[in-house]
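Heads up: the structure comes next, in structure tokens.
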Amino acid sequence: APHVGAIAARLEDEDGDVRSAACFALGELGAHAAPHAGAIAARLEDEDSNVRGTACVALSELGAHAAPHAGAIAVRLEDEDS
């Protein structure tokens, strides 16, 4: 997937909708997005609850590649806004 890096770069966009869309797209790419699991996990702390929720779902699509972030995912699952 040649454009994974370009999509991952959008995780830092100032627009929450763009960050959320980037999380979603990376989740859809599954293992191809594995090198960016840390960047997706960083969105679990996003100010936008939609981004936090989408990051959680995206990480779930990465399977074992998201394992190092399991603790952060667990915390986010308890967030009533995500």
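The values are calculated or read from the model by the stated rules, or taken from the named source; none is laboratory data. Since this is a predicted model, take the numbers as computed values, not measurements. Don't worry about glycine lacking a Cβ; one is built from the backbone with ideal geometry, like all the others, and counts go over all protein chains shown. All accessible areas refer to the heavy atoms of the entire protein, side chains included, with ligands and DNA or RNA removed. Shrake-Rupley method; radii C 1.70, N 1.55, O 1.52, S 1.80 Å.
Residues with beta-carbon under 10 Å from that of residue 18, excluding residue 18: net charge, scoring Lys, Arg +1 and Asp, Glu -1? If you can, show how the numbers build up before the last one.
Values: positive: 10, 19; negative: 12, 13, 14, 15, 17.
Here the count lands on -3.
On the protein heavy atoms, probe 1.4 angstrom, tell me the percent of accessible surface of region 38-82 carried by carbon and sulfur. All intermediate terms of the calculation are to be shown ahead of the outcome.
Details: 1230 of 2490 Å².
So the carbon and sulfur contribution to the accessible surface is 49 percent.
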Candidates for percent of Cα pairs over 17 Å apart are [x] 35; [y] 63; [z] 54, and the calculated one carries label [x]
Rounded to the nearest 500, the 222 nm mean residue ellipticity computed for the chain from DSSP H runs (n ≥ 4, each -39500 (n - 2.57)) alone is -16500 deg cm²/dmol
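Excluding ligands, DNA and RNA, what is the solvent-accessible area per residue of the chain at a probe of 1.4 Å, expressed in Å²? Kindly include the intermediate steps, with their values, before the conclusion.
On the way: 4550 Å² over 82 residues.
Computed with neighbouring chains in place, this is 55 Å² per residue.
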